[in-house]
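> Take this structure first; my questions come after.
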Amino acid sequence: MNIHEYQAKQVLKAFGAPVAEGVAITSADQAEAAAKQLPGPLYVVKSQIHAGGRGKGKFKELPADAKGGVRLAFSIEDVVKNAKDMLGNTLVTAQTTDAGKQVNRLYIEDGADISRELYLSILVDRAYGRIAFVVSTEGGMDIEAVAHDTPEKIITVVIDPTAGVTEADCAALSDALKLEGDAREDGKSLFPALYKAFVEKDMAMLEVNPLIVMENGRLRVLDAKVSFDGNALFRHPDIKELRDVTEEDAKEIEASEWDLAYVALDGNIGCMVNGAGLAMATMDIIKLYGKEPANFCDVGGGAGKDKVAAAFKIITADPAVQGILVNIFGGIMKCDVIAEGVVAAVKEVGLKVPLVVRLEGTNAELGKKILNESGLAITAADDLDDAAQKIVAAVG
């Protein structure tokens, strides 16, 4: 689960991280009062969407030379003007689709005198099986370019879970970021605080970009991006309340209500599969034959008829879907249950696009019999390769 920048800063502040004062607003009418709560005279007006690259983003409804989704304002009047400009408009960034995201919230924040911009993130490093800090002296909006062009400038510090962030870890991180004086002292408290927040709140990723050294030599979290492990949200009702469903795909929201693993993608072939590995293989072979998957959808190993029908309805509701591939390898999941779910869903919502079904494993013959006797326009496939070729050919 993702949250907004202003929410992430509230979480991190509770663990002792240094953040600027700020006020979140949802209406331009609130901008003046929000700015008056801050010291000024420099303010930062920040679009709050679940995507990075906001500073370099472009608003669809504004002229091409208009400022991006993060703007400096040197007066309260500027804050109000920018708020009116940004709220309700669609921001397109390098991390959104071409459709962009509508800006429904702004964060009005006190400005900072910046000396240096650094990069810091915390994540689970699968290679080590441990939590790790990833840091760089090259912070700011172009960290992706740094990773591509000068990967040697990105340094990883792996944390021993039995010891936590030690003095040696703090020294290693400070050295990597070239921190001195007050900033180095701040790091001794900031690095353990961020690690503590990551662990205690079951975060999946914590990114501070930039982490700044101010002109006075102190550290500050200038931007923060945080995501949480959805499987652990039951332990954190306070975090669960921060969810903003307006930032999520409607199909993914519905899928979560059915406990389906569903991720919307940009292609035109809908996929319904049981098992994450098989789902990945299905998407790969669709791409191999020249088309793109419209979604990742894993119905799981123990899905019933209703769950299968729900998954099928979600896939068919996507206007981008021009064909559907159902690929089931029956183990715990029985092929006849899948077949019954598909038939029930098709009878309810209709079938306006080609449908190819590959069934193998437990009760596969019974499943095929159910499909064949349904009277529906369903194309059977012998194996995954055959299924992929048939759905790609059907879509054209």
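The values are calculated or read from the model by the stated rules, or taken from the named source; none is laboratory data. Owing to the predicted nature of the structure, the values given are computational and were not obtained by experimental measurement. All Cβ positions, even for glycine, are placed from backbone atoms using ideal geometry, and neighbour counts span all protein chains on display.
> Return the residue satisfying two criteria in turn: it lies in segment 115-127 and is at pLDDT 95 or above and of a type in the set (A, V, I, L, M), and of such residues it is surrounded by the fewest Cβ atoms within 10 Å (Cβ to Cβ).
By that ranking, first place goes to VAL124.
> What's the number of the only condition in (1) over 25 Å from GLY277 (Cα atoms); (2) in contact with a helix residue (DSSP H, G or I) (Cβ under 7 Å, 6 or more places away or on another chain) that VAL353 fails to meet?
(2)
> Just to be sure before I move on: is GLY217 over 25 Å from ASP160 (Cα atoms) and either buried (at least 16 other Cβ atoms within 10 Å of the Cβ) or among the small types (Gly, Ala, Ser) (or both) in the structure I sent?
Values: over 25 Å from ASP160 (Cα atoms): yes; either buried (at least 16 other Cβ atoms within 10 Å of the Cβ) or among the small types (Gly, Ala, Ser) (or both): yes.
So GLY217 fits the description; yes.
> Same structure again: So which helices (runs of 4 or more DSSP H) stay within segment 314-396 end to end and still have 3 or more residues that are at pLDDT 85 or above and more than 20 Å from PRO293 (Cβ to Cβ)? Talk me through it step by step, then tell me what you get.
Details: elements: 335-349, 364-372, 384-395.
Where helices (runs of 4 or more DSSP H) fall fully within segment 314-396 and carry at least 3 residues being at pLDDT 85 or above and more than 20 Å from PRO293 (Cβ to Cβ), they are 335-349, 364-372.
> Okay, moving on. In the list GLU241, GLU257, GLU252, which residue meets the criterion of being among the charged types (D, E, K, R), closer than 30 Å to ARG358 by Cβ and free of Cβ contacts under 8 Å to residues at least 12 places away in the same chain?
On the way: GLU241 fails: closer than 30 Å to ARG358 by Cβ; GLU252 fails: free of Cβ contacts under 8 Å to residues at least 12 places away in the same chain.
None of the others qualify; the one that does is GLU257.
> Keeping to segment 286-317, report how many residues are touching a helix residue (DSSP H, G or I) at 6+ places or on another chain (Cβ under 8 Å), over 22 Å from ALA344 (Cβ atoms) and either crowded, with 18+ Cβ neighbours inside 10 Å or among the basic types (Lys, Arg) (or both).
Total satisfying the criteria: 3.
> Can you confirm whether LYS178 is over 30 Å from SER256 (Cα atoms) and modelled with pLDDT of 95 or more?
Numbers: over 30 Å from SER256 (Cα atoms): yes; modelled with pLDDT of 95 or more: yes.
Yes.
> Here's a follow-up. What number of residues within segment 143-188 satisfy the criterion of being closer than 18 Å to GLY16 by Cβ and either basic (Lys, Arg) or part of a helix (DSSP H, G or I) (or both)?
So the answer is 12.
> Please enumerate the residues belonging to segment 358-374 that are among the small types (Gly, Ala, Ser), surrounded by fewer than 17 Cβ atoms within 10 Å (Cβ to Cβ) and either closer than 19 Å to ILE324 by Cβ or free of Cβ contacts under 8 Å to residues at least 24 places away in the same chain (or both).
Kept after step one, since they are among the small types (Gly, Ala, Ser), are these residues of segment 358-374: 361, 364, 367, 374.
Keeping just the survivors that are surrounded by fewer than 17 Cβ atoms within 10 Å (Cβ to Cβ) gives 361, 374.
SER374 - this is the single residue of segment 358-374 that is among the small types (Gly, Ala, Ser), surrounded by fewer than 17 Cβ atoms within 10 Å (Cβ to Cβ) and either closer than 19 Å to ILE324 by Cβ or free of Cβ contacts under 8 Å to residues at least 24 places away in the same chain (or both).
> For segment 177-214, enumerate the residues that are crowded, with 19+ Cβ neighbours inside 10 Å, more than 17 Å from GLY140 (Cα to Cα), under 21 Å from the mean Cα position of the chain (by Cα) and not hydrophobic (A, V, I, L, M, F, W, C).
Matches in segment 177-214: TYR195, LYS201.
> Among the residues of segment 87-100, write down those that are touching a residue at least 40 places away in the same chain (Cβ under 8 Å), within 28 Å of ARG220 (Cα to Cα) and within 17 Å of the chain's Cα centre (by Cα).
Taking segment 87-100 as the starting set, the residues that turn out to be touching a residue at least 40 places away in the same chain (Cβ under 8 Å) are 87, 91, 93-97, 100.
Still in the running and within 28 Å of ARG220 (Cα to Cα): 87, 91, 93-96.
Residues satisfying the conditions are LEU91, THR93, ALA94, GLN95, THR96.
> Would you point out which residue out of ALA232, ALA224 is in contact (Cβ under 8 Å) with a residue 24 or more places away in the chain, over 22 Å from ILE315 (Cβ atoms) and surrounded by fewer than 16 Cβ atoms within 10 Å (Cβ to Cβ)? Before you say what the answer is, go through the steps one by one.
Details: ALA224 fails: surrounded by fewer than 16 Cβ atoms within 10 Å (Cβ to Cβ).
Checking each option against the conditions leaves just ALA232.
> Related question: Test each condition in (1) touching a residue at least 40 places away in the same chain (Cβ under 8 Å); (2) out of contact with any Leu (no Cβ under 7 Å at 6 or more places or on another chain); (3) more than 30 Å from TYR262 (Cβ to Cβ); (4) not aromatic (Phe, Trp, Tyr) for VAL44 and report the one that comes out false.
For VAL44, the exception is condition (2).
> Right, next: In segment 210-239, what residues are within 18 Å of ILE122 (Cβ to Cβ) and part of a loop (DSSP other than H, G, I, E, B)?
Matches in segment 210-239: LEU222, ASP223, ALA224, ASP229, HIS236.
Table: residues versus (1) within 23 Å of THR90 (Cβ to Cβ); (2) among the basic types (Lys, Arg); (3) within 16 Å of the chain's Cα centre (by Cα).
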| residue | (1), (2), (3) |
| --- | --- |
| ARG220 | no, yes, no |
| PHE228 | no, no, yes |
| ASN231 | no, no, yes |
| LYS240 | no, yes, yes |
| ILE253 | yes, no, yes |
| TYR262 | no, no, yes |
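> Checking TYR43 against (1) under 19 Å from ILE212 (Cα atoms); (2) surrounded by fewer than 18 Cβ atoms within 10 Å (Cβ to Cβ), which test does it fail?
Condition (2) is where TYR43 drops out.
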